[in-house]
Amino acid sequence: MQLTINLPDELLKAAIMEAVKEQLPATQPKAKEFPAYMNKTKAAAYAGISRGTLNSWIGQGLKVARLEGRYVVAKTDLDTWIEAHK
């Protein structure tokens, strides 16, 4: 027997989002746990991507700064980049 449920698109989206949230680990880092300026490893973790992808984004124009010999990414620049490239 197959159960079929017909829901409006918005209710279906909400149900799917809730189901996904329930499956995510409770230990995911929160945005406030990341500093305003992050090294590439932390910036990649903040964005939920690999360092390779972060390096690709940098090559495509994501702003980075060199601070005491290390590359750093501003959280605000990363947020802006992600929003602009959705």
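Placing +1 at every Lys and Arg Cβ and -1 at every Asp and Glu Cβ, with all other atoms neutral, what dipole size does segment 34-86 have around its Cα centre, in debye to the nearest 20?
On the way: 8 positive and 4 negative charges, 32 e Å.
In total the dipole reaches around 160 debye.
With each label modelled as a point 7 angstrom along the Cα→C-beta vector, the Ala19-Gln60 pair spans 3.0 nm. Multiplying the residue separation of Asp77 and Leu12 by 0.36 nm and subtracting their alpha-carbon distance yields 20.1 nm.
What net charge do the residues around Ile58 carry, taking every other residue with its C-beta under 13 Å from that of Ile58, with Lys and Arg at +1 and Asp and Glu at -1? Don't skip to the end; give the middle numbers.
On the way: positive: Lys40, Arg51, Lys63, Arg66; negative: Asp77.
Here the charged neighbours net out to +3.
Values quoted throughout were computed directly from the atomic coordinates according to the rules given, and no laboratory measurement underlies them. Every value quoted in this text rests on a predicted model; they were computed, and no experiment measured them. So basically every Cβ, Gly included, is an ideal-geometry build from the backbone, and we count neighbours across all protein chains shown.
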